[in-house]
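Working notes for the structure below.
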Amino acid sequence: MIKKHIPNTITCCNLIAGCIATYWALAGIYQTALLFIIIGAVFDFFDGMSARLLGVSSPIGKELDSLADDITFGFAPSAIVFDFLKSLDIPASLTNIAGYLAYLAFIMAAFSALRLAKFNLDERQSMGFIGLPTPANALFWGALIVGLDGIANALPDYTRWLVLAGIFVSSWLLVSEIPMFALKFKHWGWRGNEIKYAFLISSAVLLVLLGVIGIAVVIAWYVLLSVLTGKKPAAN
């Protein structure tokens, strides 16, 4: 039956989008790389939905989805950060090691894989997340680097260290035990969904006011709001 192949085909489109995003990231065209990460996120949303609607979920689809997600939301954003770090002016004191520091960006790809493996086995995450979802992490870094790239020549020397610190913070958030809400609704009423609606409204305002860099601000706001209001989902 053709329909049983539809979800996996959509998942493969996600993976291909991630590969294209990686190409443009390493070419230094971060806007296009971010665009394909967003395209991959759209495919990622619809592959699971199509599997449920068609009733054709499978263990292969689950494994394929994790592989695609690590490419699009782990490797691609790591490549963006890697290329950006390589492009920064190198202080004389770092000449011998600066070229190697950029490779630390790929730590995020490894922790994204750990996050995805953990998610597949963790039964607590049916209506919420434990740790930062990989698509959110990818969108944060893609949007942040697009924003910083426009002012790269004016950035202070310590920017490199802030980005490196951010890599380790993001990697920790991916596998942390911090509860984070998901935009899943059991009903559309305000009561019980206050945090979700408040987040959506405030995010829309931030995106209108800030543009692309607003995506990174929205993800940071999501993490902060989750920390302030979240409760760890109970095991099923």
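The lone criterion from (1) under 13 Å from the mean Cα position of the chain (by Cα); (2) exposed (fewer than 14 other Cβ atoms within 10 Å of the Cβ) left unmet by Ile38 is number (2). I'd like to know if the stretch 144-156 contains one or more residues that are farther than 26 Å from Thr32 by Cα and among the acidic types (Asp, Glu). Within the stretch 144-156, not a single residue is farther than 26 Å from Thr32 by Cα and among the acidic types (Asp, Glu). In the stretch 114-136, the residue that is nearest to Leu225 (Cα to Cα) out of those that are open to solvent by 40 Å² or more (accessible area, probe 1.4 Å) and of a type in the set (A, V, I, L, M, F, W, C) is Phe129.
For the stretch 44-62, a residue qualifies if it is in contact (Cβ under 8 Å) with a residue 24 or more places away in the chain, in a helix (DSSP H, G or I) and over 14 Å from the mean Cα position of the chain (by Cα), and the qualifying residues are Phe46, Asp47, Gly48, Ser50, Ala51, Leu54, Ile60, Gly61, Lys62.
Filtered by the rule that a residue be buried (at least 18 other Cβ atoms within 10 Å of the Cβ), closer than 14 Å to Pro77 by Cα and of a type in the set (Val, Ile, Thr), the stretch 1-35 gives Ile20, Thr22. Quick check on Phe75: is it modelled with pLDDT of 95 or more and open to solvent by 50 Å² or more (accessible area, probe 1.4 Å)? Yes; evaluated as a whole, the condition is true for this residue. Here Ala110 does not qualify as in contact with a Ser or Thr (Cβ under 6 Å, 6 or more places away or on another chain), assigned to a helix (DSSP H, G or I) and at pLDDT 95 or above. Among the residues of the stretch 14-41, just one is in contact (Cβ under 8 Å) with a residue 60 or more places away in the chain and of a type in the set (S, T, N, Q), namely Gln31. Considering only the stretch 83-92, I want to know if a residue exists there that is at pLDDT 80 or above, part of a helix (DSSP H, G or I) and within 26 Å of Ile178 (Cβ to Cβ). Within the stretch 83-92 (the criterion being at pLDDT 80 or above, part of a helix (DSSP H, G or I) and within 26 Å of Ile178 (Cβ to Cβ)), the answer is no, since none of the residues qualifies. Note on the stretch 134-188: residues that are free of Cβ contacts under 8 Å to residues at least 24 places away in the same chain and either acidic (Asp, Glu) or closer than 22 Å to Gly40 by Cα (or both) amount to 1. Of the helices (runs of 4 or more DSSP H) lying entirely inside the stretch 137-236, the ones with 1 or more residues being over 18 Å from Ala102 (Cα atoms), open to solvent by 30 Å² or more (accessible area, probe 1.4 Å) and among the acidic types (Asp, Glu) are found at 194-210. Inspect the stretch 3-18 for any residue being under 17 Å from the mean Cα position of the chain (by Cα) and of a type in the set (D, E, K, R) and give the result as yes or no. There is no residue in the stretch 3-18 that is under 17 Å from the mean Cα position of the chain (by Cα) and of a type in the set (D, E, K, R).
Of all residue pairs spaced 6 or more apart or on separate chains, none has beta-carbon atoms under 7 Å together with a first member in the stretch 211-222 that is more than 16 Å from Thr134 (Cβ to Cβ) and of a type in the set (D, E, K, R) and a second member that is open to solvent by 60 Å² or more (accessible area, probe 1.4 Å) and modelled with pLDDT under 95.
Residues being part of a helix (DSSP H, G or I) and either modelled with pLDDT under 80 or of a type outside the set (S, T, N, Q) (or both) are entirely absent from the stretch 123-131.
Once the stretch 176-191 is narrowed to residues that are touching a strand residue (DSSP E or B) at 6+ places or on another chain (Cβ under 9 Å) and not polar (S, T, N, Q), the residue that is modelled with the lowest pLDDT is Lys184.
The values are calculated or read from the model by the stated rules, or taken from the named source; none is laboratory data. The structure presented is a predicted model; accordingly, all values stated were derived computationally and were not measured. So basically every Cβ, Gly included, is an ideal-geometry build from the backbone, and we count neighbours across all protein chains shown. Side chains included, ligands, DNA and RNA excluded: accessible areas come from the protein's heavy atoms. Shrake-Rupley method; radii C 1.70, N 1.55, O 1.52, S 1.80 Å.
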